[in-house]
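Encoded as structure tokens, the structure appears first; notes follow it.
Since every read-out is calculated from the coordinates, none of them should be taken as a lab result. Everything numeric in this text was worked out from a predicted model, so none of it was measured. Here the Cβ positions follow ideal geometry from the backbone for every residue, glycine too, while neighbour counts run over all protein chains shown.
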Amino acid sequence: MSTDASHEVRPAVESAAGRAPRTANDAGQQPGPKDGPRRKGLSERNRPLWMLIPGGVLMIIIIVVPLLLGIYMSILNLDQYTLRKWVSAPIIGVENFVEAVTNSPLLHAVWLSVSYSLLAMVVTLPLGIAAAVATQNAFKGRALIRSVFLIPYVLPSFVVATVWRTMLQPGGIVDEALATVGIHVGLWLNGPQTFWTLVLVQIWASWPFIYLLALSGLQSVDHEVHEASALDGALWWNKLRYVIFPYLKGPLALAFLIGMLHHINNFTLPFVLFGVPAPSDVEVLPILTYVTSFQSFRFGLSAAMAFISLVLIAIPLFVYLRAVKLDDADTPGAKK
Amino acid sequence: MSATIAGRRSAPTADVDRPGSHRQHEVLRLLPGPLLVIILVFLGALVLIPVLYIFLASVNSDIGVANGEFWPSSVTFENYSKIWTSVGLATGLTNSVLVAGSTAVVSAALSVSTAFVLVRYSFRGRLSILRGLLALQSVPGTLMVLPVFVLFSSAATYLGIQVIGTQWGLFVTYLTFAMPFSTWVMVTYLRGLPKELEEAAKIDGASNLGVLFRIVLPLSWPGIVVSGIFAFLLGWNDVLFASVMTRPESQTAAVALQIFGASQEGGAIPYYGQMMAAALVCAAPVVILYLIFQRYLVGGLTAGGVK
């Protein structure tokens, strides 16, 4: 990703990853589909395409079919009585969508989801960059520090949420600690401040991801670049700002996209932190969709909401898919 | 990562630039010393204080945790012996290990063969499949949980196959949702393997399967481990599907952990101490996996960006 720009000047077919050792291996390999029929290489004969079947069948049955089913369900009048015989449930067209937009907390949820994701991202970006810059150069104990920085990332989401839920109880450790310095915040897990609780815990959990990607960007900085800026006598801030940060643009753009997708899709954190039904200030999209299905049993309405959130997610997803070079090893499919 | 460092060592000016030498340090320096220390201390404390608190709370009494004690007034290890029986965490952990473990193994196996075909052979629709893999891994679980639930309950109604409430339902679901990412990890990994070995094997008369089993598999263990571990984590960390599709006897650790806090609706103090102990136990397998395979995993995460 970091070397994205350099790829664009290469011929698409031969664009081996920008790393010397691989160029030899990749030359002439993986022709695009257009080249396929012309080239009768070894790999053209007797292709074991059947190996795609097990994974393909699974993904079609468990992902593609339910996806279509979900879209169909969004035009049905589906509740706990009609669910069992959903095939014969009455079709009500766009009514679910109309209700979702005009007469449900959906728009509020969209606003919450987007603003919470952005807020968390705005804070985690500088934290992650600072951490990466601080641990880039070798010093005693760096390996340990790096492992420590990864802890929030490694811990399962449900553990993180459970722990913070305990710490944020009224009269719990956080309240006690803040009280000793004279700060009284009030309720964390109920009422209007829950939104900020969610943002804070999300920040704690997800800055190491930015850190990881920023670190990978820093490692693509050549030694000569450091030498040059040292010769020029650049001050540390100028060196960071004008020499180092441009290298981080690619990885951080990717981190931004994946991070936003992850925040918007995050169900576990708000679910475990606040339980359901959640306070209305943290009723983000995944929680709202879940509650509408499994607490209010308005399955059709929930399917419509899910469809609308898919459209919302499609925007960053589309940008992400466009950015990924499918035939290059360069772009991570990083997740989680 | 190591490649970059090695590259630096062999830079033209290597004689003065031994890593660790003073001059080298000055050239590579990005931050003034005091700022560096401030950042490290701040972020270290941000992470370590809550982590330390989990340990301390797990040996504290429920009342101690509820009153916001950082240092326990009375240390007890009873929590660690009680968690196994009080809410069925043992069952949950067994189920989690079974489901996530088998998901990891099967998904790794499937993704190797799928990725092998996608990387080494060209055919119509190959790029669409690659793009589809990337798109599918971003489909949110909350979108899928209801239709998958309906699909599974229809399987019970029309085909007589009971899936919901069993470990099989979770296994199939996790396996499928792990496949796109696991396959993508393997695709990136296999691209880095030299093709010549496989071609040589083919010239010597090896079949496609022979190439896969004798050449590709032995060479791609690091990739297989990464893709398996990510599948394991997907199953282990999931709350959404597990909370909808399990019964008490098939629930996973993630669901069981929530029950420790559930008693608070009654007004009494929840099993806070046990909950923290159980949280540590649930986190342990994941942390251990990371510690063992850290090098591979971090590389796999930023797949390609680092190497």
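What to note about this one:
- Adding -39500 (n - 2.57) for every DSSP H run of four residues or longer, then dividing by how many residues chain B holds, sets the calculated 222 nm ellipticity at -22000 deg cm²/dmol.
- Average other protein chain Cβ within 10 Å of Cβ, residues A:79-92: 1
- For A:Leu76, nonlocal amide neighbours, meaning residues 5 or more places apart or on other chains whose placed amide H falls under 5 Å from its own, are A:Ile92.
- FRET efficiency for the pair B:Glu249 and B:Glu78, taken as 1/(1 + (r/R0)^6) with r the Cβ-Cβ distance and R0 = 30 Å, rounds to 0.70.
- Stokes-Einstein D for segment A:158-256, Kirkwood Rh over Cα pairs, 4 °C, 1.567 mPa s (µm²/s): 77 µm²/s
- Residue-wise HN-Hα coupling along segment A:258-275, computed from phi with Karplus coefficients 6.51, -1.76, 1.60 (Hz; x: Gly, Pro): 5, x, 4, 4, 5, 5, 5, 8, 5, 9, 4, 4, x, 4, 6, 5, 10, x
- 10 Å Cβ neighbours from other chains, averaged over peptide B:48-59: 3
- For segment A:70-176, the fraction of C-alpha pairs farther apart than 19 angstrom is 72 percent.
- Sequentially through segment B:113-121, phi angles give Karplus couplings (6.51, -1.76, 1.60; θ = phi - 60°) of 5, 4, 5, 4, 5, 5, 8, 9, 10 Hz, Gly and Pro residues having no value and appearing as x.
- A simple charge model with +1 on the Cβ of Lys and Arg, -1 on the Cβ of Asp and Glu and nothing else charged puts the dipole of chain B at about 1080 debye relative to its Cα centre.
- Normalised by 2.2 N^0.38 Å, where N is the number of residues, the C-alpha radius of gyration of segment A:254-305 stands at 1.22.
- ³J(HN,Hα), Karplus 6.51/-1.76/1.60, whole Hz, each residue of segment A:231-237, x for Gly, Pro: 4, 6, x, 5, 6, 4, 5
- Segment B:58-186: relative contact order as a whole-number percent, Cα under 8 Å and 6+ apart: 31 percent
- Cα shape, segment A:177-336, gyration tensor, a/c 1.5 rule: oblate
- Residues A:Phe297 and B:Tyr158, FRET efficiency given R0 of 25 Å [Cβ-Cβ distance, rounded to 0.05]: 0.70
- Applying 1/(1 + (r/R0)^6) with R0 = 60 Å to the Cβ-Cβ distance of A:Asp222 and A:Lys85 gives a FRET efficiency near 0.35.
- Listed residues B:Gln258, B:Gln162, B:Gln274, most fluctuating in chain B (Gaussian network, C-alpha, under 10 Å): B:Gln162
- Kirkwood's formula applied to the C-alpha pairs of segment B:189-300 gives a hydrodynamic radius of 17.6 angstrom.
- Packing here is the average count of other Cβ atoms within 10 Å per residue, and on that basis the peptides B:224-233, A:116-125, highest first, run B:224-233, A:116-125.
- Note on B:290-296: average number of Cβ atoms from other chains within 10 Å of each residue's Cβ is 2.
- Candidates B:Phe42, B:Phe55, B:Phe177, ranked by Gaussian network fluctuation over chain B, Cα under 10 Å, top entry: B:Phe42
- Segment B:141-241, Rg to Rh (Cα coordinates; Rh as Kirkwood inverse mean 1/r): 1.15
- Selected from B:Tyr272, B:Tyr290, B:Tyr158 as most flexible by GNM, with chain B as the system and alpha-carbon contacts under 10 Å: B:Tyr158
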